[in-house]
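For reference, the structure is listed below as structure tokens.
The values are calculated or read from the model by the stated rules, or taken from the named source; none is laboratory data. Worth saying up front: this structure is predicted, and the values here are computed from it rather than measured. Quick reminder, even Gly has a Cβ in these numbers, built from the backbone with ideal geometry, and neighbours come from all protein chains shown.
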Amino acid sequence: MSANKIADHYDSISQRYARFSARRRYYTKLREKQYRYFIPEGKRVLEVGCGSGDILASLKPCLGVGVDLSPQMIEIARASHPELSFIVGPLAALPPKDKFDYIILSGLLGELDDIEDFLFSLRAFCSADTRIIIEYHNYLWQYFLKISGYLGLSIPRLEQNWLTYRDILNFLTLTDFEGIKKERSVLCPIQIWGISWLINKFLSKLPLFNALSLNNYIIARPLFDHGRDFSVTILVPCRNEKGNVEAAVTRTPAFGTKQEFIFVEGHSSDGTYEEVERIIKKYPQKDIKLYKQPGKGKGDAVHFGFGHAQGDILMILDADLTMPPEDLPKFYHAIRTNKGEFINGCRLVYPMEKQAMRFLNLVANKFFGLFFSWLLGQRFKDTLCGTKVIFRHHYNELVANRSYFGDFDPFGDFDLIFGAIKLNLKVIEVPIRYREREYGTTQIQRFRHGLLLLRMCWVAMKKIKFL
């Protein structure tokens, strides 16, 4: 559809905007809440096809820029939200030097003449960490939306492109973007006291019902080649693992521009701390640091160790060495080549050694993998593999946003997983062969830790799925 036709259509709507806005207040609040979940406050946000600018304003960005073809809608936006910047015209009206953390495309793709060309032009405003939020309507609702537009109950729509989820993913692939995850929301766009709240908060999140939701969202990222190597911090939380310390260092292959080992020792009774001291003296050519853990639990050790890390990339290596250190280069390759931004180990692909994982643990791991994949919107076959890899700048952002979930995770795994999902990082899993430990005994308490895992499920449902 031509730019002039789009501009004329929304100019005509602008004269009735106040009336439409009042009728859509409940629906608008639901959308704003969804966008606030996707986008934290204080980010650099661009909205293309911003209309009145209400969604952009609700996000409280440190830099908010709205672009729209309709001069009349931009006038409304400037009057309503003078703290933001609004520009009349196509995307080319923006200086391409501007890079944004988030770019919102709300209903825009359905009206474009050339989606592929538009997405190519969008890359000029993207950094490697930019996230694109694409919102589009479920095509099952097309006739309802047309009728409500004719009746003046909603904003009249132009003729729409027929876009499915697969169509949009195809356009993203053609233009060097990658879909990370999808969300659906709003099963009841009209406020019915007591009923619409129940439908939209709970029923719309359940399988089958979710597929009928009005609003579909795709979160995507631009694909960039890092084009260089990185330094690495390998964090080894260790408690009563004296017999594994030297192997953790000697069996780890050389990769990255520099390797830093950080051992966080958790009040051992078998001399683990003294063993790390011995290893530091024995291998002076290696950068090995040792800290006494200030608190308890692996989660505390991970927070403390990563807080002292200097590497560009942060890795966790469990000191029991059931995840072979020889496999760490696979994780490094996955993140260096931008296959993903949060790399999770997976123990559930290859056959395990007989005593590596007890039967009940295996069943629980498979269940939690399926359950969290549904909850989080990205694939997690194995949530509890100890090896997880993330860029340090992403981890620092995760820490800055940790208050959203609170201090809830004694394991450290879910703090990282939930944080990565909230940051919309691309998750990918690296299958590894899970080995039987050669020294010491497992520190897993099946039933106590199982109850804690159920608590993690509850946190994820409240903060991610049923927000």
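Residue under question is Val88, and the condition is that it be among the β-branched types (Val, Ile, Thr), in the same structural domain as Lys201 (by TED's automatic domain parsing), touching a Pro at 6+ places or on another chain (Cβ under 8 Å) and at pLDDT below 95; does it hold?
On the way: among the β-branched types (Val, Ile, Thr): yes; in the same structural domain as Lys201 (by TED's automatic domain parsing): yes; touching a Pro at 6+ places or on another chain (Cβ under 8 Å): yes; at pLDDT below 95: yes.
Yes; evaluated as a whole, the condition is true for this residue.
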**OP:** Filter the stretch 108-132 for residues that are closer than 23 Å to Ile13 by Cβ and under 30 Å from the mean Cα position of the chain (by Cα) and give the result.
**Re:** Leu108, Leu109, Gly110, Glu111, Leu112, Ile115, Phe118
**OP:** Answer yes or no: is there a residue in the stretch 60-73 that is under 30 Å from the mean Cα position of the chain (by Cα), over 23 Å from Asp8 (Cα atoms) and surrounded by 20 or more Cβ atoms within 10 Å (Cβ to Cβ).
**Re:** yes
Original post:
Name the residues in the stretch 26-52 that are over 28 Å from Leu94 (Cα atoms) and touching a residue at least 60 places away in the same chain (Cβ under 8 Å), would you?
Top reply: Tyr26, Tyr27, Leu30
Original post:
Inside the stretch 257-281, can you point out the residues that are at pLDDT 95 or above and either over 16 Å from Val236 (Cβ atoms) or not assigned by TED's automatic domain parsing to the domain that holds Thr337 (or both)?
Top reply: Thr257, Lys258, Lys281
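Condition check ((1) of a type in the set (Phe, Trp, Tyr); (2) modelled with pLDDT of 75 or more; (3) loosely packed, with under 13 Cβ neighbours inside 10 Å) across all residues:
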position: Asp409; (1), (2), (3): no, no, no
position: Phe414; (1), (2), (3): yes, yes, no
position: Phe418; (1), (2), (3): yes, yes, no
position: Arg433; (1), (2), (3): no, yes, no
position: Gly440; (1), (2), (3): no, no, no
position: Met461; (1), (2), (3): no, yes, no
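Condition check: touching a residue at least 12 places away in the same chain (Cβ under 8 Å) and surrounded by fewer than 19 Cβ atoms within 10 Å (Cβ to Cβ). Does Tyr139 satisfy that?
Details: touching a residue at least 12 places away in the same chain (Cβ under 8 Å): yes; surrounded by fewer than 19 Cβ atoms within 10 Å (Cβ to Cβ): yes.
Considered against the rule, which asks whether it is touching a residue at least 12 places away in the same chain (Cβ under 8 Å) and surrounded by fewer than 19 Cβ atoms within 10 Å (Cβ to Cβ), Tyr139 comes out as yes.
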Original post:
Being of a type in the set (D, E, K, R), over 23 Å from Cys126 (Cβ atoms) and over 20 Å from the mean Cα position of the chain (by Cα), is that true of even one residue in the stretch 30-50?
Top reply: no
Subject >> Ile288 being among the hydrophobic types (A, V, I, L, M, F, W, C), more than 23 Å from Asp415 (Cβ to Cβ), at pLDDT 95 or above and more than 23 Å from the chain's Cα centre (by Cα) >> reply: yes
Subject >> Matching residues in the stretch 195-242 - criterion: being loosely packed, with under 14 Cβ neighbours inside 10 Å and of a type in the set (Val, Ile, Thr) >> reply: Ile195
**OP:** Hey, can you tell me all the residues within the stretch 150-174 that are within 15 Å of Asn215 (Cβ to Cβ) and either not hydrophobic (A, V, I, L, M, F, W, C) or not in a loop (DSSP other than H, G, I, E, B) (or both)?
**Re:** Ser154, Arg157, Gln160, Thr164, Tyr165, Ile168
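Name the residues in the stretch 13-36 that are at pLDDT 75 or above and over 13 Å from Ser58 (Cβ atoms), would you? Spell out how you get there, then give the answer.
We begin by selecting, within the stretch 13-36, every residue at pLDDT 75 or above; these are 13, 24-36.
Answer for the stretch 13-36, where residues must be at pLDDT 75 or above and over 13 Å from Ser58 (Cβ atoms): Ile13, Arg24, Tyr26, Tyr27.
Yes/no matrix, rows are residues, columns are (1) modelled with pLDDT of 85 or more; (2) in contact with a strand residue (DSSP E or B) (Cβ under 9 Å, 6 or more places away or on another chain); (3) over 25 Å from Leu63 (Cβ atoms):
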| residue | (1), (2), (3) |
| --- | --- |
| Leu105 | yes, yes, no |
| Phe118 | yes, yes, no |
| Arg123 | yes, yes, no |
| His137 | yes, yes, yes |
| Leu140 | yes, no, yes |
| Ile147 | no, no, yes |
| Tyr150 | no, no, yes |
| Gln160 | no, yes, yes |
| Leu163 | yes, yes, yes |
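Any chance you could count how many residues in the stretch 154-169 are of a type in the set (A, V, I, L, M, F, W, C) and surrounded by fewer than 16 Cβ atoms within 10 Å (Cβ to Cβ)? Walk me through how you get there before you give the answer.
Narrowing the stretch 154-169 to residues of a type in the set (A, V, I, L, M, F, W, C): 155, 158, 162-163, 168-169.
Among the residues that remain, those that are also surrounded by fewer than 16 Cβ atoms within 10 Å (Cβ to Cβ) are: 158, 162.
Selection size over the stretch 154-169: 2.
Looking at Glu183, Glu178, can you tell me which residue is touching a Phe, Trp or Tyr at 6+ places or on another chain (Cβ under 9 Å), closer than 24 Å to Pro40 by Cα and touching a residue at least 40 places away in the same chain (Cβ under 8 Å)?
Working: Glu178 fails: touching a Phe, Trp or Tyr at 6+ places or on another chain (Cβ under 9 Å).
Residue meeting the stated conditions: Glu183.
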Subject >> Single residue of the stretch 251-302 satisfying the filter (within 18 Å of Met323 (Cβ to Cβ) and β-branched (Val, Ile, Thr)) that is surrounded by the fewest Cβ atoms within 10 Å (Cβ to Cβ) >> reply: Thr252
